[in-house]
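Colleague: Would you mind keeping the following structure in view while I ask a few things?
Taken together, the values in this text are just the output of simple stated rules run on the coordinates, not laboratory data. Keep in mind that this is a model prediction, so the values were computed, not measured. No Cβ is skipped: glycine too gets one built from the backbone with ideal geometry, and neighbour counts run over all protein chains shown.
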Ligand SMILES: [Zn+2]
């Protein structure tokens, strides 16, 4: 059902607050999106109706026909009255789409008692999954230009994301697309395996680190989730000494964090 509200309009204070919350200020990589939230008005209602809006720059022709962009940031606020989810999609030209759903009176959310609030954007290496609080599989990746990334898999939520140590951004990766790349990389054609992305999470450790890194590498070439400086160094390839030292010091940090 189309909303009857008059557009374009400014973001409402509660909308702005929640959108900026899933784009943490202290992570430099979210700054570009924060700026869009702070400057673009709500220009249109998205295809899912009320709660789903499109911000756009002045003079931009809003497009709601093309395939939806991928998810950029996602957070959840749990209240006594229900759970509100906040999704921000990847910017597409002069427009940025977001959705808030799950609570009928979203404007009242600010006054409800919160039980828990979490987002994928806030995750840091060696932390539990922000969503289900269980431990995740972390695969550290380094590029030849010494950029460090962590590929993260949560089996419980069936979620994959990649953390970029430089920008601080956690980019969510669609499981099906990633799994297709993994199957191409490993040369598995048996449809029972190749068409069942759930297997990625059912048998933890079934895929080696190097297979997962290769799958990420080719997926990233297709969708450009993370801007890579240099090439990814594949696990198992001989690493220069400085990389081994970096990995050793990261492992040391991880231990300290866990002890706290
Ligand atoms: Zn999880």
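Colleague: When a footprinting reagent is the concern and you count Cβ atoms within 10 Å, what order do 162, 103 take, fewest first?
Modeller: On the way: 162 21, 103 18.
Going from least to most buried by this count: 103, 162.
Colleague: What FRET efficiency do you get for residue 5 and residue 114 if R0 is 25 Å and r is their Cβ-Cβ distance, rounded to the nearest 0.05?
Modeller: On the way: r = 26 Å, r/R0 = 1.05.
According to the calculation, E is roughly 0.45.
Colleague: Viscosity 0.692 mPa s, temperature 37 °C: what is the translational diffusion coefficient of the range 1-66 from Stokes-Einstein with a Kirkwood Rh over Cα pairs, rounded to a whole number of µm²/s?
Modeller: Working: Rh = 12.8 Å.
Estimated diffusion coefficient is 257 µm²/s.
Colleague: Related question: Output the relative contact order of the range 13-122, whole-number percent, from Cα pairs under 8 angstrom with separation of 6+ residues. Don't skip to the answer; put the middle values down first.
Modeller: Working: 186 pairs, mean separation 28.3, N = 110.
For the range 13-122, the relative contact order is 26 percent.
Colleague: What are the extents of the Cα atoms of the range 73-116 along their three principal axes, listed from largest to smallest and rounded to whole Å?
Modeller: Largest to smallest, the principal-axis extents are 38, 17, 13 Å.
Colleague: Just the Cα atoms of the range 145-221: what Rg and Dmax do they give in Å?
Modeller: Over the range 145-221's Cα set, Rg and Dmax evaluate to 12.5, 39 Å.
Colleague: Got a sec? Which residues in the range 195-220 would a label at residue 70 touch, if it sits 7 Å along Cα→Cβ and we count backbone N under 16 Å?
Modeller: 212-220
Colleague: Just need the relative contact order of the chain here, percent rounded to a whole number, with Cα pairs under 8 Å and 6+ apart.
Modeller: Working: 413 pairs, mean separation 34.8, N = 260.
With pairs under 8 Å counted, the relative contact order is 13 percent.
Colleague: If you don't mind, another one. In degrees from 0 to 90, rounded to the nearest 10, what is the angle of the helix 241-259 Cα long axis to the longest principal axis of the chain?
Modeller: That helix lies at roughly 60 degrees to the long axis.
Colleague: Specify, per residue and in Å³, the volume enclosed by the convex hull of the alpha carbon atoms belonging to the chain.
Modeller: Details: hull volume 40.8 nm³, N = 260.
Each residue corresponds to 157 Å³ of Cα convex hull volume.
Colleague: Quick one: angle between helix 209-223 and the longest Cα principal axis of the chain, in degrees between 0 and 90, rounded to 10, please.
Modeller: Long axis of 209-223 versus the principal axis of the chain: about 40 degrees.
Colleague: Hey, could you pull the Cα Rg and Dmax for the range 81-170, both in Å?
Modeller: Rg then Dmax for the range 81-170, in Å: 16.1, 50.
Colleague: Expressed in nm to one decimal, what extension gain is obtained for the pair residue 234 and residue 166 from 0.36 nm per residue of sequence separation less their Cα-Cα distance? Mind showing how you got there, number by number?
Modeller: Numbers: separation 68, 0.36 × 68 = 24.48 nm, distance 1.94 nm.
The span from residue 234 to residue 166 would gain 22.5 nm if fully extended.
Colleague: If we sort 34-40, 181-187 on the protection proxy, mean other Cβ atoms within 10 Å, highest first, what's the order? Working shown, then result.
Modeller: Values: 34-40: 15.1, 181-187: 16.9.
Final packing ranking: 181-187, 34-40.
Colleague: Going by alpha carbons, how many degrees (0 to 90, nearest 10) lie between the helix axis of 175-186 and the longest principal axis of the chain?
Modeller: Once rounded, the angle reads 20 degrees.
Colleague: Can I ask one more? Under a crude label model (7 Å from the Cα following the beta-carbon direction), how far is residue 211 from residue 138 in nanometres?
Modeller: Between residue 211 and residue 138, the label points sit 2.3 nm apart.
Colleague: Take the alpha carbon atoms of the range 36-64, find their center, do the same for the range 75-150, and report the distance between the two centers in whole angstrom.
Modeller: Here the two parts' Cα centres lie 21 Å apart.
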